[in-house]
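Visitor: Supplied in structure tokens, the structure appears directly below.
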Number of protein chains: 2
Amino acid sequence: MINIRQNSYSNSQLMRGIQESSVAYILNHATIEQFDKNTIIVQQSEKHPFLHLILSGKVKTYRHSTEGKETIIRLLKPQETFMDAVIFMNTDTSPISAQSIEPTKTLKIPQKIIHEAISKDSILAHNLLQIIANHYGSSMLQVDAIHTQKPLDRVGFYLLSKYLEHIKLGGSSKSFSLQYTKQDIANQLGVAPETFSRSLAKLKQMGIEIQGTEIKLSSSESLCQFCDPTLTKKCIKSSKDDCKIKE
Amino acid sequence: MINIRQNSYSNSQLMRGIQESSVAYILNHATIEQFDKNTIIVQQSEKHPFLHLILSGKVKTYRHSTEGKETIIRLLKPQETFMDAVIFMNTDTSPISAQSIEPTKTLKIPQKIIHEAISKDSILAHNLLQIIANHYGSSMLQVDAIHTQKPLDRVGFYLLSKYLEHIKLGGSSKSFSLQYTKQDIANQLGVAPETFSRSLAKLKQMGIEIQGTEIKLSSSESLCQFCDPTLTKKCIKSSKDDCKIKE
DNA sequence: CGCACCATTGATATGGATCAATAACTGTGG
DNA sequence: CCACAGTTATTGATCCATATCAATGGTGCG
């Protein structure tokens, strides 16, 4: 059985609250994989019957078309999983690729082991349902945003989401950092890198300092105009009067 | 316990292969709901802790923004479910609305019952994982398509998908019918109704007859140019030499 | 130090949204 | 069975936002 520090996986949504025996069973049949920066971990259209839990590093999942364009699906940090949904799809090959964007270590768990663990541990099943349902939820929001919002709004919304996430993890109240390259973020938001850059330039004129990858807000409410009912729940301010989102 | 014909639910992916006792438990705690055409079944931003299985009729799920725009997420037929993913999300209110687009009957199952049934029946858990993972898969494809394809290609791809689905259900080999209004389909594809109409006009010049909601292909390969590796598996022709998709 | 890569800024072209008008349906009631 | 209203679909004309192209500036790494 693999021997790793418990805290490298135990905060993950995947493992949360599941039986000790399930953890043992999974660790017994999983391997730890190491990848250099920019290594392709999963190749689109190939079989890859494994779920990965990121222990350290960063990963992007994406699709590429025959004409060479790529669409980033998700940008991932430690404790997050990928191929979590794919191993339950009807397809026999993966619809996405995954690539490390930093030196990365993952816990690689065979599909079969997950299936078996699920049938014995309904908490694990529930965790996976929640994980995948939330992915689907974000994906729906993304489709909606692309249809109905302009690039500036999408960028603003993205920054606000990251800011709230940062606050939730106990970060400082007015500054935070983009965790990925701007071109990757732009791609994920469905805009050209140039457009992303221009959107950031507009935000600067609205009291948001941007130096490289560091964002500094002039006030903790600087981004409030980009809020929406979905984010409102994650915001401490939502009860305050000056929050415009109410329903 | 509700008394309905078994075939009105037993072909659904939800119920497939699950224990008799689970079926009984679910039917015991579910209700049958009837809706006129254009009834709002679920309202965005409100609580709705139920999963619906469509027994007859048609339903659309969608999001609407404050400015009144709506984005269709899915268009649904009998045997399909909605609110299937929502009941596993972290949100306490629904991120989507659901509305009947025809007179509709659904089996309405409380969230709590589903949760309990899952913990006893791992096949049901597996079914739900598959259902939601596939939704997520389509949603990823949609995001990708919006980024990388022109409206004509998206329309062509849509028609091809529907055609293959039609064939799989044993339909005639060269004609089939759009199951929804053109404006709804256009919305789901993320194009204006006018653009959808113009795309269909282009397709006419490529040997695809379109009369109202009926599509007639001049040859069963008329739509092959819109194929991609994801659809290839569902296509009987994929093994034939004249199929260009080979990945 | 120099070479890649990444980001910004400027100039241009274009595809599809939007606006507007008409035409084809669908269903309803006389 | 037809007339009418309401909805849905088509077709045409216009305009603007953003992708694309192009050039420069910045940054990190070997």
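Computed from the coordinates by the stated procedures, all read-outs in this text should not be read as laboratory data. As the structure is a prediction and not an experimental result, all values here were calculated from the model. Don't worry about glycine lacking a Cβ; one is built from the backbone with ideal geometry, like all the others, and counts go over all protein chains shown.
Visitor: Residues of B:120-129, mean number of Cβ from any other protein chain within 10 Å of their own Cβ, rounded to a whole number?
Guide: Taking all residues of B:120-129 together, the mean is 5.
Visitor: Would you tell me the mean number of C-beta atoms belonging to other protein chains that fall within 10 Å of each C-beta in B:85-95, as a whole number?
Guide: Partner Cβ neighbours, averaged per residue: 5.
Visitor: Quick one: check the C-alpha center-to-center distance for the range A:89-145 versus the range A:4-68, whole angstrom.
Guide: 9
Visitor: Give the peptides B:214-220, A:24-30 in descending order of average Cβ contacts within 10 Å, highest first.
Guide: On the way: B:214-220: 14.6, A:24-30: 17.9.
Those peptides, ordered most packed to least, come out A:24-30, B:214-220.
Visitor: For chain A, what's the relative contact order in percent, using C-alpha pairs closer than 8 Å and at least 6 residues apart?
Guide: The value is 18 percent.
Visitor: List, in the order given, every pair from A:Lys162/A:Lys216; A:Lys47/B:Lys162; A:Lys162/B:Lys150; A:Lys69/B:Lys69; A:Lys77/A:Lys182; A:Lys37/A:Lys182 whose Cα-Cα distance in the structure shown is over 20 Å.
Guide: Beyond 20 Å between Cα atoms: A:Lys47/B:Lys162; A:Lys162/B:Lys150; A:Lys69/B:Lys69.
Visitor: Oh, and also: Under the Kirkwood approximation applied to all pairs of distinct alpha-carbon atoms, what is the hydrodynamic radius of the range A:150-239 in Å?
Guide: Result for the range A:150-239 stands at 13.2 Å.
Visitor: Within the P(r) computed for chain A, what percentage of the Cα pairs occupies the region above 27 Å?
Guide: Across chain A, Cα pairs with separations above 27 Å total 42 percent.
Visitor: Next question. Check A:Ser177: other-chain or 5+ apart residues with amide H under 5 Å from its amide H, H built from backbone geometry?
Guide: HN-HN under 5 Å from A:Ser177: A:Ile215.
Visitor: Calculate the dipole size of the range A:125-221 relative to its Cα centre from +1 charges on Lys and Arg beta carbons and -1 charges on Asp and Glu beta carbons; express the result in debye to the nearest 20.
Guide: So the magnitude is around 180 debye.
Visitor: Long-range amide H contacts for A:Ile41: which residues qualify at under 5 Å (H placed 1.01 Å from N, peptide plane, sequence gap of 5 or more or a different chain)?
Guide: So A:Ile41 has HN proximity to A:Ala98, A:Gln99, A:Ser100.
Visitor: Counting partner chain Cβ atoms within 10 Å of every residue's Cβ in A:221-231, what's the average?
Guide: Shielding by partners across A:221-231 averages 1.
Visitor: For the residues A:Met89, B:Met15, A:Met206, what sequence is obtained by ranking on other C-beta atoms within 10 Å, fewest first?
Guide: Least to most surrounded, the residues fall as A:Met206, A:Met89, B:Met15.
Visitor: Figure the gain on full extension for B:Glu46 and B:Lys77 (residue separation times 0.36 nm, minus the Cα-Cα span) and round it to one decimal in nm.
Guide: Contour length minus Cα-Cα distance gives 8.8 nm.
Visitor: I've got another one for you. Just name one of B:Ala192, B:Thr230, B:Ser161: the one whose Cα is farthest towards the positive end of the charge dipole of the range B:149-239 (beta-carbon charges, Lys/Arg +1, Asp/Glu -1).
Guide: Ranked along the dipole, the leading option is B:Thr230.
Visitor: Right, next: Sorted from fewest to most neighbouring beta carbons within 10 Å, what does the list A:Ile185, B:Ile132 look like?
Guide: Details: A:Ile185 20, B:Ile132 25.
Taking fewest neighbouring Cβ atoms as first place, the list is A:Ile185, B:Ile132.
Visitor: Considering the options A:Gln19, A:Pro151, A:Ala117, tell which one lies farthest towards the positive end of the dipole of chain A, charges being +1 on Lys and Arg and -1 on Asp and Glu at the Cβ, about the Cα centre.
Guide: A:Pro151
Visitor: Let me ask something else. For the range B:74-147, what does the convex hull of the Cα positions come to per residue, in cubic angstrom?
Guide: Here the figure is 121 Å³ per residue.
Visitor: Short version: ³J(HN,Hα) in whole Hz for each residue of the range B:43-56, in order, from phi by Karplus 6.51 cos²θ - 1.76 cosθ + 1.60 (θ = phi - 60°), x for Gly and Pro, what are they?
Guide: The phi angles translate into 10, 3, 6, 10, 6, 7, x, 9, 9, 10, 10, 6, 8, 7 Hz.
Visitor: Starting from one equal scatterer on each C-alpha and no solvent at all, send me the Debye-based log10 I(q)/I(0) for the range A:6-145 at q = 0.13 Å⁻¹, two decimals.
Guide: -0.55
Visitor: Taking a label point 7 Å from Cα toward Cβ, how far is A:Thr181 from its twins in the other copies, in nm, shortest first?
Guide: Those separations, rounded to one decimal, come out as 4.6 nm.
Visitor: What lysines could a cross-link reach from A:Lys120, if we take a straight Cα to Cα line under 22 Å and drop same-chain neighbours fewer than 8 places away?
Guide: A:Lys108, A:Lys112, B:Lys112, B:Lys120
Visitor: If the only charges are +1 at each Lys and Arg Cβ and -1 at each Asp and Glu Cβ, what is the size of the charge dipole of the protein assembly as shown around the Cα centre, to the nearest 20 debye?
Guide: Details: 60 positive and 48 negative charges, 85 e Å.
That gives a dipole near 420 debye.
Visitor: From the backbone phi of the range B:137-150, what are the Karplus-calculated ³J(HN,Hα) couplings (6.51 cos²θ - 1.76 cosθ + 1.60, θ = phi - 60°) in whole Hz, Gly and Pro given as x?
Guide: x, 5, 5, 4, 4, 5, 4, 4, 4, 5, 6, 10, 10, 7
Visitor: Quick one: compute the contact order of the range A:1-147, relative version, from alpha carbon pairs under 8 angstrom and 6+ residues apart, as a percent.
Guide: Across the range A:1-147, relative contact order equals 33 percent.
Visitor: Also: Calculate the spin-label point distance for A:Gln34 paired with B:Ser172, positioning each point 7 Å from the Cα along the beta-carbon direction, and give it in nanometres.
Guide: About 6.5 nm, to one decimal.
Visitor: Another question, if that's okay. Would you pull out the residues with amide H under 5 Å of B:Ile208's amide H, same chain only if 5 or more places away, H placed 1.01 Å from N?
Guide: Excluding prolines and chain starts, which carry no amide H, there are no hits.
Visitor: According to the Cα gyration tensor, what semi-axes, each the square root of 5 times an eigenvalue, does the equivalent ellipsoid of the range A:188-236 have, listed from largest to smallest in whole Å? Intermediate results must be reported in sequence, preceding the final value.
Guide: Details: eigenvalues 86, 49, 17 Å².
For the range A:188-236, the semi-axes come out at 21, 16, 9 Å.
Visitor: Could I ask something else about it? Can you tell me the 0 to 90 degree angle between the C-alpha axis of helix A:20-29 and the longest principal axis of chain A, rounded to 10?
Guide: Roughly 80 degrees between the two axes.
Visitor: On to the next question. Given points 7 Å out from each Cα along the Cα-Cβ axis, report the B:Asp153 to B:Lys182 separation in nanometres with one decimal.
Guide: Using points 7 Å along Cα→Cβ, the separation is 2.4 nm.
Visitor: A further question on this structure: So what are the radius of gyration and Dmax for the Cα set of the protein assembly as shown, in Å?
Guide: My reading of the Cα-based Rg and Dmax gives 23.2, 67 Å.
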